[in-house]
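I have placed the structure first, in the form of structure tokens, so that the comments after it can refer back to it.
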Amino acid sequence: MTEAKNVIRPEIQAMHAYPVSDATGLIKLDVMESPWPLPDWLAKEVGEVVSKVAINRYPVPSAERLRALIRGVMQVPAGCDVLLGNGSDECIQYITAAVAREGAVVMAPTPSFAMFQMHALFYRVRFAGVTLRNDFSLDAEAFLAAMDKEKPALVWIAFPNNPTGNAFPIADIERIIRAAPGLVVIDEAYQPFAGATFMPRLTEFENMVVMRTVSKISMAGLRLGYVCGRPEWIGAFNKTRSPFNINVLTEAVAIKLLENKAVLDQQAVRVLNERGRVQSELAELGGLTAYPSAANFVLGRVAGGKDAGTRVFERMKASGVLVKDFSGGHPLLENCLRLTIGTPAENRAMIDALRAALSA
Ligand code: PMP
């Protein structure tokens, strides 16, 4: 009899599927969604758009209307092209597939977004992580030295970084782009909260592309990410893309919402205001070090020995608040919890639950 364990690659057998917690009945502050629903008038317009979509038809493979809209709304420089993904997760897959020649190396600072490493595994390219300093700052010299040794085909820089929340210095990233022998992807998933972007510089750096997502600006459920860059890069990634990867409902709704981007921008500003408030409250809490954030979440380290962070996480969950526990993952993240910024009421509940859990 054929057994899966004799067929499935050993490294796939050894790994875990990407963990996503069940948030039923909990205040959900674990995966950096926007906490705000659409205003009623816009939700109604979305409903009208959806009712007219021809779901019996395949999508237009090029999704030209949506791509053109993104070019305009997101200020993609003239001469650059746009690739769409079913979430930027899928863009990571396409980019990795396109560079995964025999012996290729993929690099990124670590800890960073887990999918960079996962897709390297899927496509059989070696992942060489360069560990951040203990305060999560980027050791640019160490990164440059590692690049010199590894000659990576692909470098991922999440700007700002997840799960640490900080944005590495622009001057250090520029040095990395200039020294890289291959492609550098600037992953700007958290750009709406960062106040800085590499997008206008796409024409300056030939070996750089910029990846973004609409997930953090109220559209996580649509699953839409995009990569902007020179046609030489985008054309190559496009060959690794599933032909109909953006479904007709996503395309229609994203067009409607991006045409009303001012609403999404206002929601992002409300999150930013809340982040400031949450950060000052966290700074007052004993037993937790909160790290600076340029994103819509804050990483905090619980003081104490082994499992201190997980205990606080479990207590918070028992009192109805779900955050993300990073203990047991990267050693630098021991006892770290990632707190997504929610509505004022959710943040109040989160900080109350955290305070109670820390003093229990
Ligand atoms: N990049 C980074 C840095 C992220 O943190 C995330 C998700 N949290 C993604 C990419 C993927 O986002 P999505 O697939 O929702 O576009």
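Tabulated values for the structure
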| read-out | value |
| --- | --- |
| One residue from 93, 75 being in contact with a helix residue (DSSP H, G or I) (Cβ under 8 Å, 6 or more places away or on another chain) and buried (at least 22 other Cβ atoms within 10 Å of the Cβ) | 93 |
| Residue pairs meeting the criteria (Cβ under 7 Å; at least 6 apart or on separate chains; first on the phi > 0 side of the Ramachandran plot, in the stretch 63-89; second part of a loop (DSSP other than H, G, I, E, B)) | 63/246; 87/223; 87/224 |
| The stretch 103-118, residues that are within 15 Å of the chain's Cα centre (by Cα) and not in a strand (DSSP E or B) | 111, 112, 113, 114, 115, 116, 117, 118 |
| Considering residues of the stretch 301-347 that are of a type in the set (Val, Ile, Thr) and not in a helix (DSSP H, G or I) only, the residue most open to solvent (accessible area, probe 1.4 Å) | 343 |
| Pairs where the first residue, in the stretch 306-317, is more than 17 Å from residue 331 (Cα to Cα) and not assigned by TED's automatic domain parsing to the domain that holds residue 331 and the second is open to solvent by 90 Å² or more (accessible area, probe 1.4 Å) and part of a helix (DSSP H, G or I), C-beta under 9 Å, 6+ apart | none |
| Matching residues in the stretch 109-136 - criterion: being open to solvent by less than 30 Å² (accessible area, probe 1.4 Å) and either away from the ligand (no atom under 16 Å from the Cβ) or within 25 Å of residue 98 (Cα to Cα) (or both) | 109, 110, 111, 112, 115, 116, 119, 120, 125, 128, 130 |
| Filter pass, residue 248 being in contact (Cβ under 8 Å) with a residue 12 or more places away in the chain, closer than 19 Å to residue 83 by Cβ and open to solvent by less than 20 Å² (accessible area, probe 1.4 Å) | no |
| Hey, residue 246 farther than 30 Å from residue 301 by Cβ and in contact with a strand residue (DSSP E or B) (Cβ under 6 Å, 6 or more places away or on another chain) or not | yes |
| Tabulated pairs, the stretch 12-26, first surrounded by 10 or more Cβ atoms within 10 Å (Cβ to Cβ), second assigned to a loop (DSSP other than H, G, I, E, B), C-beta under 8 angstrom, 6+ apart or interchain | 21/30; 23/30; 26/320 |
| Qualifying residue in the stretch 291-300 (condition: assigned to a strand (DSSP E or B) and aromatic (Phe, Trp, Tyr)) | yes |
| Hits in the stretch 211-251 (condition: among the polar types (S, T, N, Q), part of a helix (DSSP H, G or I) and away from the ligand (no atom under 15 Å from the Cβ)) | 238 |
| Elements of type helices (runs of 4 or more DSSP H) in the stretch 15-102, at least 3 residues being within 13 Å of the ligand (Cβ to nearest atom) and of a type in the set (A, V, I, L, M, F, W, C) | 88-99 |
| Test set (1) under 27 Å from residue 343 (Cα atoms); (2) under 20 Å from the mean Cα position of the chain (by Cα) - residue 229 fails condition number | (1) |
| Set 220, 171, 194, 158: member being open to solvent by 10 Å² or more (accessible area, probe 1.4 Å), of a type in the set (A, V, I, L, M, F, W, C) and without any contact (Cβ under 8 Å) to a residue 60 or more places away in the chain | 171 |
| Residue 294, sole failed condition from (1) in contact with a Pro (Cβ under 6 Å, 6 or more places away or on another chain); (2) within 15 Å of the ligand (Cβ to nearest atom); (3) farther than 27 Å from residue 334 by Cβ | (3) |
| Qualifying residues in the stretch 260-296 (those that are under 13 Å from residue 165 (Cβ atoms) and hydroxyl-bearing (Ser, Thr, Tyr)) - the one least open to solvent (accessible area, probe 1.4 Å) | 293 |
| Unmet requirement for residue 34, which otherwise passes all of (1) open to solvent by 50 Å² or more (accessible area, probe 1.4 Å); (2) at pLDDT 95 or above; (3) of a type outside the set (A, V, I, L, M, F, W, C) | (1) |
| Residue 203 polar (S, T, N, Q), away from the ligand (no atom under 15 Å from the Cβ) and surrounded by fewer than 19 Cβ atoms within 10 Å (Cβ to Cβ) | yes |
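The values are calculated or read from the model by the stated rules, or taken from the named source; none is laboratory data. Please read these numbers as outputs of a predicted model, since none were measured by experiment. All Cβ positions, even for glycine, are placed from backbone atoms using ideal geometry, and neighbour counts span all protein chains on display. These accessible areas exclude ligands, DNA and RNA; they are computed on the full protein's heavy atoms, side chains included. Shrake-Rupley method; radii C 1.70, N 1.55, O 1.52, S 1.80 Å.
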